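Chemist: Once you've had a glance at the structure underneath, I'll fire off some questions.
The values are calculated or read from the model by the stated rules, or taken from the named source; none is laboratory data. Computed from a predicted model, the values in this text were never measured in an experiment. All Cβ positions, even for glycine, are placed from backbone atoms using ideal geometry, and neighbour counts span all protein chains on display.
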């Protein structure tokens, strides 16, 4: 590698990080779109609350079965191809939902997201682990992870207040969000690269069976996974039902959407600051603090009102959303995992963790 090309290649990692952010933004936008639209969807398709819960958890159910094999395959396909296919599939899922005629079709089209979703969730940390090193890895992990939060807040805050009134129907909302996703897929397909060394791998991909065995033997991997199960259950459950919970408390649909977006606004800060904080106080201490604060404020959420309720939603979002990039950063920092086994480890994490993701909205 010549010295002239080195700065260009090092600088291009920030372009890659920007694209990674937009990919995760599309993920967050499409996942958040359903909750604000629950009321008009229930009315038109005549769905029960149980059916709505099943639809909300449909993609997590598929995610459970697809994440691990996709994680294994991503180590073979590479991040670029995995992410391109993933963002295309989730955009198609949003597009098809506009043509749902009842519970069955809406469930199937939503479940399709569970095939593309893990390609993004797994492909992005593998991409970051390949392009960044040292303390920059934590910064990059926090930045790309904030993309899903910005996508969430856009979906929660603007769907009922702006997008739905302008477009006129929930079907057009899903179509418009799918167009945004397809556009991001196009840009990634044109600009995205596999590693910071064009045409080279940072290191050889290990044997498939060897990588699986090595990952399964690590107790620390399983500790992260079990924490992930509880985290996914609370995270997906609260995200899916918080707007509806606020409506039951007496808020209008528009106000409920804005208040629920606080969960994601604070999550943006948590995604950026919590992984960074782990370099100063340690990953374990940071994780313990985030879990403790999330649990304490969540337990009081059901009985709170007014400003206390808003403060609790903000605190929950900050710590709960920040846990995800922290857990993945812990994987990246494990010498046995790193970039070489990141697909396998992340696949195992998301596959088992999404058992909680599916259960949360349904429960």
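Chemist: Looking only at the range 140-162, how many residues end up being more than 12 Å from the chain's Cα centre (by Cα) and modelled with pLDDT under 85?
Modeler: 3
Chemist: Mind listing just one residue for me: the one in the range 30-39 that is part of a helix (DSSP H, G or I) and modelled with pLDDT under 95 and, of those, farthest from residue 263 (Cα to Cα)?
Modeler: Ranking the candidates gives 39 first.
Chemist: Same structure, new question: From the list 96, 84, 124, 61, pick out the single residue that is more than 19 Å from the chain's Cα centre (by Cα) and not in a loop (DSSP other than H, G, I, E, B).
Modeler: On inspection, the qualifying residue turns out to be 96.
Chemist: So, one more: Step by step: first the residues of the range 338-361, then only those that are surrounded by fewer than 22 Cβ atoms within 10 Å (Cβ to Cβ) and not in a helix (DSSP H, G or I), then the one that is modelled with the highest pLDDT. Which residue is that?
Modeler: 340
Chemist: Would you list the helices (runs of 4 or more DSSP H) that sit entirely within the range 217-323 and hold 1 or more residues that are farther than 27 Å from residue 53 by Cα and without any contact (Cβ under 8 Å) to a residue 60 or more places away in the chain?
Modeler: The qualifying helices (runs of 4 or more DSSP H) are 219-248, 262-281, 283-299.
Chemist: Continuing with this model, one more query. Need pairs with beta-carbon distance below 7 Å; first residue within 13 Å of residue 170 (Cβ to Cβ) and within the range 85-107, second assigned to a loop (DSSP other than H, G, I, E, B); sequence gap 6+ or separate chains.
Modeler: Hits for this filter: 106/100.
Chemist: Of the conditions (1) in contact (Cβ under 8 Å) with a residue 24 or more places away in the chain; (2) not in a helix (DSSP H, G or I), residue 133 clears all except one; give me its number.
Modeler: Checking residue 133 against (1) in contact (Cβ under 8 Å) with a residue 24 or more places away in the chain; (2) not in a helix (DSSP H, G or I), the one that fails is (1).
Chemist: Among the residues in the range 308-315, are any surrounded by 22 or more Cβ atoms within 10 Å (Cβ to Cβ) and at pLDDT 85 or above?
Modeler: yes
Chemist: Criterion first (part of a helix (DSSP H, G or I), within 26 Å of residue 261 (Cα to Cα) and either in contact with a helix residue (DSSP H, G or I) (Cβ under 6 Å, 6 or more places away or on another chain) or modelled with pLDDT of 90 or more (or both)) does residue 105 satisfy it?
Modeler: Answer is no for this residue.
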